[in-house]
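Everything below concerns the one structure shown next.
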Amino acid sequence: MSVLLLETRELDKRYGGLHVTRKVSLQLHAGDRLALIGPNGAGKTTLVNQISGTVAPTSGSVWLGGEDVTRRPQAERVRAGLARTFQITTLAPHLEVQRQVELALFEREGLTGRAWRSIDGYPVLAAEAKGLLSSLGLGEHAGWPTERLAYGEQRLVEMALALALRPRVLLLDEPMAGVPQGEGQRLLAALDALPSDLAVLIIEHDMDLVFRFAKRIVVLAEGAVLADGTPEAIRNDPRVRTAYLGH
Amino acid sequence: MILLVIGLLAWWALPDQLGLVTRIAITALFVLSLDLVVGIAGLATLGHAALFGVGAYAAGIFALHLHVDPLLGLMVAIAAGSLLALASGAFLLRYHGFTFLMLTVAVAQIVASLAQKARDWTGGDDGLSGFTMGPLLGLFEFDLEGKTAALYALVVLAAGLYVSRRVVDSPFGLAVRGIHENRARMAALGTPVVRRLLAMYTLAGALAGAAGGLSAQTNAIVGLDSLSFALSAEALVMLILGGAGRLHGALIGTVVFTLLHHTAASINPYHWLFIIGAALMAVVLLPPQKAWAWLRSRRGAKA
Amino acid sequence: MQLLANVLIDGLAYGMVLFIIAVGLSVTLGLMRFVNLAHGAFAMIGGYVAALLTREAQWSFWIALPVAIAATAATGALLEAFVLRHLYRRTELEQVLFTIGLSFFLIAGTNALAGPQVQLIVLPPLLAQSVDLGFRTLPAQRLFVIGTGLIVAAVAAWTVTRTRFGVWLRAAVDHPDTAATLGIPIRTVQCASFAAGAALAGLGGVLGAELMPLEPYYALKYLVLVLVVVAVGGMGSLPGSLLAAVTLGIVETASKYLASDWGSLFFFLAMAVLLAWRPNGLLQR
């Protein structure tokens, strides 16, 4: 039985009269590949936001590596091994790609409090950044400011930053969103190459990707877990079909 | 380094303009500290004069009541600026954008009102005066021609620039620049955003306080205008003029604006605002960067 | 008791002046996202035109006032159409730099044309007297200011919520590109709202001439106060600006009467407290 890395217990969120997350309980173990799917408005991103700490739940708890992190700010959860990407690319537009990855590495090593040595004085980390970028096929454009990259490549940088943190749990919010047809290949390859002991939760609408990548699927509808099982079971579940087609 | 050379050249070549040189150096240090906040950290502020003013008053009060050694006074000024930055920053940095901007104005105006009220300490509307500085390092007297003052100011400016450069080029500086460009991204990387911004704000407070202290010491007087909104606004104008975010832009902007003001005022003391106003508008409509880029592309085409 | 009444009346009048001037800035900042630090200059221009017309040309106040408003509106419209619209896409810092430069230029121009002394507006006999309301006598000028402020608030509210122009304005602000394709004349909306804001500022300059004396540096001197009103009231929120202006106007007047050696401390303290409590504006949605 592999290690339980992430758990949500009866996670619940209301915005006034709007009940967006209904008592969601999930478990993620090391090596898991969990896809979170559901119709638009089902509350997938809100759920991920509560897990990552961007949004506070109304009730329920989030557990990371056996510890209750519900009250802890986002930055602390990151340092405890949780990383995420955003549905809309969130990058520093004018920083060079290489620098941005180095920044993630500095943060990981706790070096961003150091104010005297130049950023060029960390050859080991620079090499690691370079290597990570090359493994994702971004080596050529490492010196470009991120805003100059094609959108598909920006999504890759987004993933690179999350991976640079060497997380134990990775939350991917629609990594393929907005990526033009021809640019998706490298992203798919990157997904396949993710470390095997990493616990991954991915939100996606692209069903081919979901069935190719996921070992388990959770279907969210109107904020509640509708079904939780293997891809085969989900594919054949009549309630899932209703949830999608009924909308 | 280049700065020191130019400064020394100015110091040597213009013995009757040393007052101007000193003023430029002090203002440049102040605008440099503003660049750390506005250009690097991305926090637009119109209350930066408060940090300058407390440094000035602290140095003045220290010299008047405690000790006339300039370097000790400078330390006191730096401490004053840092403390105010730390205290006000802890409150201000919970807010963003326009709200943050207006709150900086409020804090600065409150400090200015308090300074005006506390006449016994600050001299109120009349200003704080009556103190004479002791010799710098025990050796160099502050002479009437202003040679010592100019050199003192230039050296402190160079030191400030050096420190700023190192901090901005460090992992800390990179993180702050990251926060400027995308706060959400930095939070997702695990950065304690407010803590980093507060540290940068405090450093800026230290440099602004130093500038204020220099001003008090080289002029031997501190007035309420060192806390004024006009000073904050002028510094911001100088920074934008020279280009925010690159540190040396602060120096360029200060020199250009001050010289412009100086020459315009000597041409016509009543209408110098015409010239400055027109110059500012021209700079925005025809940015110097575009002019440089265009020139460079012409040269490249010929090659 | 007499003192309290004076503070309230004067404070309310002061607040109304600030509100009238702030409307234009709130619209430009909050809706058009353009940082116009030359807004104070519009109030100054309105005041100066009225002052020169009533004093030098000896026109009646009641004619000079609409002419001053029209002159300011025209200035605003021309500026927007020929110069400022090119700056909408620039960064905020560049807008700051330009509009400060513009303010400097206008200050210098005012100084060159009319000299540095304070300009007085000659009030008509109707406004110079006191009005007996039965329980109290009040200066007519104050009543006029307060009344005008309320009318401005009502007209502005009606325009934004009930007229086609108001719909256009809100659409142009929220979805500029879509609005253009829907056939909404974006440029006209922008220019017209800017001109209206300038006109109101001019009106405020005339009404507030007693409390905020007209001299060349007016353009920048009172800008902070107007910015404060816009910030506390919430950018783009006219009801918020009204509430903020009146509240802060009363605070400032009270402080002038009761604790004048503390300067504007209480004004800014009140402002900081209100803004810290409600960062998105007093009536934040």
*asked:* Can you say whether residue A:21 is under 17 Å from the mean Cα position of the chain (by Cα), farther than 18 Å from residue A:166 by Cβ and either modelled with pLDDT under 90 or surrounded by fewer than 18 Cβ atoms within 10 Å (Cβ to Cβ) (or both), as far as the supplied structure shows?
replied: no
*With (1) touching an Asp or Glu at 6+ places or on another chain (Cβ under 9 Å); (2) under 24 Å from residue B:41 (Cα atoms) as the list, and residue A:109 as the residue in question, which single condition is left unmet?*
(1)
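Results for (1) surrounded by fewer than 22 Cβ atoms within 10 Å (Cβ to Cβ); (2) outside any helix (DSSP H, G or I); (3) touching a residue at least 60 places away in the same chain (Cβ under 8 Å), shown as yes or no for each residue.
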{"site": "B:175", "(1), (2), (3)": "no, no, no"}
{"site": "B:179", "(1), (2), (3)": "no, no, yes"}
{"site": "B:184", "(1), (2), (3)": "yes, no, no"}
{"site": "B:225", "(1), (2), (3)": "yes, no, no"}
_So residue C:74 passes all but one of these: (1) in contact with a strand residue (DSSP E or B) (Cβ under 9 Å, 6 or more places away or on another chain); (2) small (Gly, Ala, Ser); (3) modelled with pLDDT of 90 or more. Which condition number does it fail?_
(1)
_Tally up the residues in the range A:123-163 that are among the β-branched types (Val, Ile, Thr) and out of contact with any Ser or Thr (no Cβ under 7 Å at 6 or more places or on another chain), please._
2
*Just to be sure, is residue B:156 at negative phi and within 11 Å of chain A (Cβ to nearest Cβ)?*
no
*Filter the range A:141-156 for residues that are touching a residue at least 40 places away in the same chain (Cβ under 8 Å) and within 13 Å of the chain's Cα centre (by Cα) and give the result.*
A:155
_Residues that are in contact (Cβ under 8 Å) with a residue 12 or more places away in the chain and within 14 Å of another protein chain (Cβ to nearest Cβ), at least 3 per element: which helices (runs of 4 or more DSSP H) completely within the range C:1-99 meet that?_
C:2-26, C:39-55
_Filtered residue count, the range A:121-135, keeping only those that are part of a helix (DSSP H, G or I) and either surrounded by 14 or more Cβ atoms within 10 Å (Cβ to Cβ) or within 8 Å of chain B (Cβ to nearest Cβ) (or both)_ = 8
_Would you confirm, using the coordinates I've provided, whether residue B:166 is within 9 Å of chain A (Cβ to nearest Cβ), more than 17 Å from the chain's Cα centre (by Cα) and within 17 Å of residue B:44 (Cβ to Cβ)?_
no
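Being more than 15 Å from residue A:70 (Cα to Cα) and outside any loop (DSSP other than H, G, I, E, B) is the filter here, so list the residues in the range A:1-20 that pass it.
A:4, A:14, A:15, A:18, A:19, A:20
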*asked:* Among (1) over 14 Å from residue C:34 (Cβ atoms); (2) out of contact with any helix residue (DSSP H, G or I) (no Cβ under 6 Å at 6 or more places or on another chain); (3) more than 12 Å from chain B (Cβ to nearest Cβ), there is one condition residue C:110 misses while meeting the rest; what is its number?
replied: (3)
*Within the range C:1-27, which residues are among the polar types (S, T, N, Q) and touching a Leu at 6+ places or on another chain (Cβ under 9 Å)?*
C:26
*asked:* Considering only residues that are in contact with a helix residue (DSSP H, G or I) (Cβ under 6 Å, 6 or more places away or on another chain), without any contact (Cβ under 8 Å) to a residue 40 or more places away in the chain and surrounded by fewer than 23 Cβ atoms within 10 Å (Cβ to Cβ), which ones fall in the range B:191-214?
replied: B:192, B:193, B:196
*Output the helices (runs of 4 or more DSSP H) that fall wholly within the range C:188-285 and possess 1 or more residues being under 13 Å from residue C:26 (Cα atoms) and β-branched (Val, Ile, Thr), or say none.*
C:223-233
*Could we say that residue B:113 is within 9 Å of chain A (Cβ to nearest Cβ) and farther than 23 Å from residue B:24 by Cβ here?*
no
*of a type in the set (Lys, Arg) and over 25 Å from residue A:82 (Cβ atoms), is that true of residue A:148?*
yes
*Criterion violated by residue C:239 - all others in (1) touching a residue at least 12 places away in the same chain (Cβ under 8 Å); (2) surrounded by fewer than 19 Cβ atoms within 10 Å (Cβ to Cβ); (3) more than 16 Å from residue C:15 (Cβ to Cβ); (4) not β-branched (Val, Ile, Thr) satisfied*: (3)
*Can you pull out the residues in the range C:32-68 that are among the aromatic types (Phe, Trp, Tyr) and surrounded by fewer than 23 Cβ atoms within 10 Å (Cβ to Cβ)?*
C:34, C:59, C:61, C:62
*Select from the range A:71-80 the residues that are of a type outside the set (Asp, Glu) and surrounded by fewer than 18 Cβ atoms within 10 Å (Cβ to Cβ) and list them in ascending order.*
A:71, A:72, A:73, A:79, A:80
*Being outside any helix (DSSP H, G or I), facing chain B (nearest Cβ under 7 Å) and buried (at least 24 other Cβ atoms within 10 Å of the Cβ), is that true of even one residue in the range A:106-113?*
yes
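The values are calculated or read from the model by the stated rules, or taken from the named source; none is laboratory data. None of the values given here were measured: they were computed from a predicted structure. FYI the Cβ positions are ideal-geometry reconstructions off the backbone, even for glycines, and counts take in every protein chain you see.
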